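Note sheet for the following structure.
Bear in mind these aren't lab numbers, they're just calculated from the coordinates by the rules spelled out. Since this is a predicted model, take the numbers as computed values, not measurements. Neighbour counts run over all protein chains shown; Cβ positions are idealised from the backbone, glycine included.
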Amino acid sequence: MALTEENPGYKWVGTRPIRPDGLEKVTGKAQFGADLTLPGMLYGKIVRSPHAHARIVAIDTSAAESMPGVKAVITGNDFPDLAANGAHPSAIDISHNAIARDKVLYEGHVVAAVAAVTREQAAAAANAVEVTYEVLPHVLTVDDAMAENAPLLHEGMITKGVEPTPEQPSNVASRVAHERGDLEQGFGEADVVVEQEFTTKPVHQGYIEPHAAVADANSDGRANIWCSSQGHFQMRADTASVLGVSQGTLKVTAAEIGGGFGGKTVIYLEPIAVRLSQRAGRPVKLVMDRDEVFRATGPTSGTRMKIKMGVSNDGKLTAAEVWMAFEAGAYAGGPVGAAGMTVLAPYDIPHFLVEGYDVVCNKPRVAAYRAPGAPMAAFAVESVLDDLARAIDMDPIDLRLANAAVEGTQAAYGPKFPRIGFVETLEAIKEHPNYTAELGPNQGRGVAAGFWFNAGMSSSATVHVNENGTATVVTGSPDIGGSRQSMALMAAEELGIPYESIKPVVADTETVGFTDVTGGSRVTLATGAAVVDACRIVIDDLRARAAKTWDVEVDQVEWVDGQAQHVDGSQPPLSLNDLAAKSARTGGPISANASLNARGVGAAFSTQVCDVEVDPETGVTQVVRYLTAQDAGRAISPDYVEGQMQGGVVQGIGWGLNEEYVHDQNGNMENPSFLDYRMPVASDLPMIECCIIEVPNPAHPYGVRGVGEVGIVPPMAALGNAIKDATGVRMTDLPMSPIKVLEALNEQSD
Amino acid sequence: MLSSSPSAQVFAGATDLVPQIRGGYPTPDVLVDLKKIDQLVSLANDADKWTVGAATPTVRLTEDQAFSQEFPGLSEAAGLIGSDQIQSRSSLGGNLCNGSPAADSVPAMVVNGVRALVAGPKGSRVIDVADVVTGPGEISLASDEFIVEFEIDRMPSRTADAYLRIIPRTEMDIAVVGAGARIGLSDDGTIAEAVLVLGAVAPTAVRVHAAEDALIGSTADDDTLAVVAAAASEACNPIDDKRGTIAYREQVAGVLAKRAVRIAMQRAEQSNGDA
Amino acid sequence: MARTHITTVINGDEVDFLTEDSTSLLHALRDEVGLTGAKEGCGTGDCGACSVLMDDRVTCSCLVFAPEADGATILTVEGLADSGELHPLQQCFLEGAALQCGICTPGFLIAAKALLEKNPDPTETEIRYALAGNLCRCTGYDKIVRAVQEAAIQMREQ
């Protein structure tokens, strides 16, 4: 671990205790979405489209309804037509994605659902629902979708962000662009220009826990939902919208979640489960099987990108031109916007043009996947930077240092960077022994960097001090990475009591104030800030009670190391325990709420170096060494900061080497299982070494920067650059599977 | 029991059966658990041969030092049929009778001339393993027959086997190409016996006679191995699918053939044969 | 269809339950016996989240038909701790931060236990291959491997 700034003597922040939810998780007691059973519970099963694009001509549920054990059968007709109600287009899209109305737009699109007493009965009934389709031609890639005369998914889609506004509809939902300076001048000043086109395939977040929900509807219109979700408040809002009810009728409890990575910030099963439960008058459990997760939940975009960059012989980047088309899946709103903002962000480039297109196609609607949009963009740019470095015979880290964004740099996406730690991550890699370790035959080394803005958004927290001097910290952020521990560490630090005295709780939508999703690497920052605020209100309250006890003014009381002290020491101190025990006499229970919209978000940078060995006769690539350096601002929980770094790297390795969606000509996914959707296994990997850099975020009480996402941004380029170093071939299509590497090697020797 | 229903089927570890049922294959209405019959989960040898129950979990093969030392190729091949979890259940019988062109144990069984004892209502018979699989998912056994056990003749001295496969990851993948080799040496160190079988490159396992012919009398020098590789690539009849392309399979079949022959050769040179 | 009566020993206790013949052991454990520690990640034996020990062998319970468990001895994650005292693997996973979301953890603990019982002093490579049947998407496996290494040391010292 490389500390860039000294730890200012924190007692709890920065330590490595055992996480509060750990015991339940190693003993099998932790309750995940599919673990709940309620009395009288039915099993749901969804009927899905086998076609990538089709009109629904008719749905006959009569056979299904009369089968043994079947208590409810629903279709799109059981949900309100939000378009007719003048709802916002994005709400309409969410409702149509939840269950199809007149058209299905991807294989796996929900068409109907049943609930029955046993799983087998539900499966049999689902098979008995007869759907008549009129199959339509489909488009699967951005190339197909953007081609002239391509079949349209949405008849009225006119591309936004293009001047003049197109007259004809297309599958291009929108265009975003960022510009600076004068491209012609910039390329004119370059001594070397590299131009390259890249393609990537859709990849799935790959959480091991399939989506699961249990809904229990009451006859008064209220319903309880228990589900696997990254954001139960957002889930409640979206589910209510699809059902056409007010949010207050739904209570959502977030179960322990078995992985999300962005893919569980959106709804799938919840409105279906509620409607089935309403119709049946009994609780309904809906769990996806793995096949459904792949076929019908958002992966992230496949892409085509064209990069052109120019550099002077002394290593200054003079110009960059980026064109990107990203698949959005069946509905507009993919991550190309964020890709456009992050693609050049680590560098100070005087002249550039970035254009990005959000393109719909007949695949599941894409969902967020860890720094959405940035990894693909970085694969392209970081590969070109590597080729530029080679062309001018400059060390790849030195090239990045020569152009690195620093405090005061105007970021490519607009704002001026406050204090940031990109340079520190580059230097950490350069100085590490791994950077100069000897390489063996057929081995190569690659470097790449990445950026993610991180999010702020809204969070609430409540802190209760219990009579025995312990404290309960209540938040609304589902814990997907160990954030409960960070909340407890910060609360312990603020209150001055032991970490073990803090109980962090993730509460349901009726128990805590509004909290945005767990995503965007925001929980430690924003929910943490709310926790800190609430603790500080509690401390002020405790000081006031001590003042009352001593009959002095509040400004005579300090809070130090978990106790109230008189500024001139004329009173024996009162501990939290003492004050808690006396709380009834000093004003009642001690607790405080804080809600905020987080400001002062800290951007995160990561630089990584990877060594590979490529078998020249088979194209199989083995990762032999991996090092990542990431600026965490302040690592509240170093164990879990490392965990986020390592997890992001390994997802990136899978994305770079073997993961991809494979479709046949009919638009059906050919590899919807973990057998052929090849995520890294333990034997594929070395240890992932971590350097935590701490350049504190000046705008956060503890200097925190989000850590969850940026780690996945550099790995594919680091791998590609290492493969280039080992073999001389530049891979431009992901994944860099053995077949493609061998093909490239064959071409090279021809 | 097998005769009781037209869709009745035997199973051992069910490691292919369960995914197939979940994947929508027709579900048999009667399943007969072969693991309940002792003979089918046995592992034993005498002076002439090893006998392996058709449903014996492959973990027992890889754990058996004597078996693994005598047949390192077959033992390694059996051990490649999936994770430790799968190994507790997978069997040679299942791996063979599932009929996958990519089955890892099949090339290694064929190069070792393994035989299968088949039982049915009309009695039993012994056939070569090479004659069991007739096409992808298809076997020559009648629907009321099943394999009881496999017979493997003791490995002669100066003879050894090897199995290699190519997969994109390091584990948990179906073979894109598999190559089994068995080499027997004469006293002067040249090759007297050579068997080379490829998997996952044709509807059934492919024996590469041209490569074997080239190896006989040679010392598996580089020139001979180049001929072996070319013959292996030529012998393939692969398909393009989600796991590999025709071109890749043909090219890598040649590479694996060479490598498997080299390993079998090195093992044969070191072995005295403790039969 | 009449359900079959199955008698097993689970986590040291004699347990009996009813099941359809086609139900997996995983579903029988979760739905009939109420032990939800083993998880369904894929249902096809590719992720290891459902791993249990069956007659001392690590197995994907999603690939076992529940009737096969008749007369068998089964260990699930719920049976790892001894009267509340954590198994060294459980303790090392906690101390080594070897879990994030925790969904794969029961499967890893069972597979790691099976490994260490067979091979008390495994190399890093042996650990990685023995655990190749268990998918984790959160940790990148690094801290899991280290936790198993640490538990192996502690178990050898006992």
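By the rule of a C-alpha distance below 15 Å, with chain neighbours fewer than 8 residues away ignored, the aspartates and glutamates paired with residue A:71 are A:120, A:216. Considering only beta bridges that DSSP places wholly inside the protein assembly as shown, some 80 percent are antiparallel.
For residue A:593 and residue A:147, the difference between the fully extended length at 0.36 nm per residue and the C-alpha to C-alpha distance is 155.1 nm.
What percent do you get for the relative contact order of chain A when only Cα pairs under 8 Å and 6+ apart count?
Relative CO of chain A lands at 15 percent.
Once the piece of chain linking residue B:65 and residue B:42 is laid out straight, how much longer is it, given 0.36 nm per residue of separation minus the C-alpha distance between them?
Residue separation times 0.36 nm, minus the Cα-Cα distance, leaves 6.7 nm.
Going from the fewest other Cβ atoms within 10 Å to the most, the residues C:46, B:161, A:561 appear in the order A:561, C:46, B:161.
As a proxy for reagent exposure, ranking A:451, A:417, A:379 by other Cβ atoms within 10 Å from fewest up yields A:417, A:451, A:379. Near the amide H of residue A:173, within less than 5 Å, lie the amide hydrogens of A:358, A:359, A:360, all on another chain or at least 5 residues away, with H placed in the peptide plane.
Just to confirm a number: summing +1 for Lys and Arg and -1 for Asp and Glu over residues other than residue A:117 whose beta-carbon lies under 10 angstrom from that of residue A:117, what do you get? So the environment of residue A:117 carries a net charge of +2.
Give the average, rounded to an integer, of partner chain Cβ atoms located within 10 angstrom of each Cβ in A:345-356.
0
With θ taken as phi - 60° and the Karplus curve 6.51 cos²θ - 1.76 cosθ + 1.60 applied, the whole-hertz 3J(HN,Hα) list for segment B:103-115 is 3, 6, 7, 5, x, 5, 5, 5, 5, 8, x, 5, 10 Hz, x standing for glycine and proline. Highest average first, the peptides C:143-154, A:537-548 ordered by how many other beta carbon atoms sit within 10 Å of their residues are C:143-154, A:537-548. Note that segment A:243-258 has calculated 3J(HN,Hα) couplings of 7, x, 10, 7, 4, x, 7, 10, 10, 10, 10, 8, 6, 4, 10, x Hz, one per residue in order, obtained from phi through the Karplus relation 6.51 cos²θ - 1.76 cosθ + 1.60 (θ = phi - 60°); glycine and proline are x. For residue A:30, what residues show an amide H to amide H distance below 5 Å, using hydrogens built from the backbone and excluding near sequence neighbours? Long-range HN contacts for residue A:30: A:25. Is chain A rounded, prolate or oblate when judged by the Cα gyration tensor, a ≥ b ≥ c being the square roots of its eigenvalues, rounded requiring a/c under 1.5 and prolate requiring a/b larger than b/c? Judged from the Cα gyration tensor, chain A comes out oblate (a/c at least 1.5, b/c at or above a/b).
Secondary structure note: in segment C:4-79, about 90% of the DSSP beta bridges are antiparallel. When the C-alpha to C-alpha distance is required to be over 19 Å, the pairs from A:724/C:143; C:39/C:143; A:306/A:363; A:29/C:39 that qualify are A:724/C:143; C:39/C:143; A:306/A:363.
Phi angles of segment B:65-76 translate, via the Karplus equation with coefficients 6.51, -1.76, 1.60 and θ = phi - 60°, into HN-Hα couplings of 4, 4, 4, 5, 6, 7, 10, x, x, 5, 5, 5 Hz per residue; Gly and Pro are given as x. Averaged over the residues of A:259-267, the number of partner chain Cβ atoms lying within 10 Å of the residue Cβ comes to 2.
Averaging the Cα positions of each part gives two centres, and for segment A:119-164 and segment A:514-560 these lie 52 Å apart. Counting, for every residue in A:649-660, the Cβ atoms of other protein chains within 10 Å of its Cβ and taking the mean gives 2.
Just to confirm a number: summing +1 for Lys and Arg and -1 for Asp and Glu over residues other than residue B:80 whose beta-carbon lies under 11 angstrom from that of residue B:80, what do you get? Neighbour charge sum, excluding residue B:80 itself: -3.
For segment B:212-275, state which trypsin sites (Lys or Arg not before Pro) are in a DSSP loop and have at most 15 other beta carbons lying within 10 Å of their beta carbon.
Sites meeting the loop and neighbour criteria: B:242.
Between the helical axis of C:142-157 and the longest alpha-carbon principal axis of chain C there is an angle of about 90 degrees.
Nearest 10 degrees is fine. How inclined is helix B:246-270 to the longest principal axis of chain B, computing both from alpha carbons? The angle comes out at about 70 degrees.
On the beta carbon distance between residue B:4 and residue A:666, with R0 = 60 Å, the FRET formula returns roughly 0.95. Counting charges near residue A:708 (Lys, Arg +1; Asp, Glu -1) among other residues having Cβ under 9 Å from its Cβ returns a value of +1.
Once you place label points 7 Å from the Cα toward the Cβ at residue B:218 and residue A:511, how far apart are they in nm? Placing both labels 7 Å beyond Cα along the Cβ direction yields 7.3 nm.
Residue B:242: which aspartates and glutamates have alpha carbons under 13 Å from its alpha carbon, excluding same-chain residues fewer than 8 sequence positions away? Partners found: A:659, A:660, A:664, A:670, A:676, B:173. For segment A:161-231, the set of GluC sites (Glu not before Pro) satisfying both a DSSP loop assignment and a count of at most 12 other C-beta atoms within 10 Å is given as A:167. The distance linking segment B:224-275 with segment A:331-355 is 48 Å (Cα centroid to Cα centroid, whole angstrom).
Rounded to the nearest 20, the size of the Cβ-charge dipole of chain B about its Cα centre is 640 debye, with Lys and Arg at +1 and Asp and Glu at -1. Put a dot 7 Å past the Cα of residue A:38, heading toward its Cβ, do the same for residue A:323, and the two dots end up 5.4 nm apart. Ranked for footprinting exposure by Cβ neighbours inside 10 Å, fewest first, C:104, C:92 give C:92, C:104.
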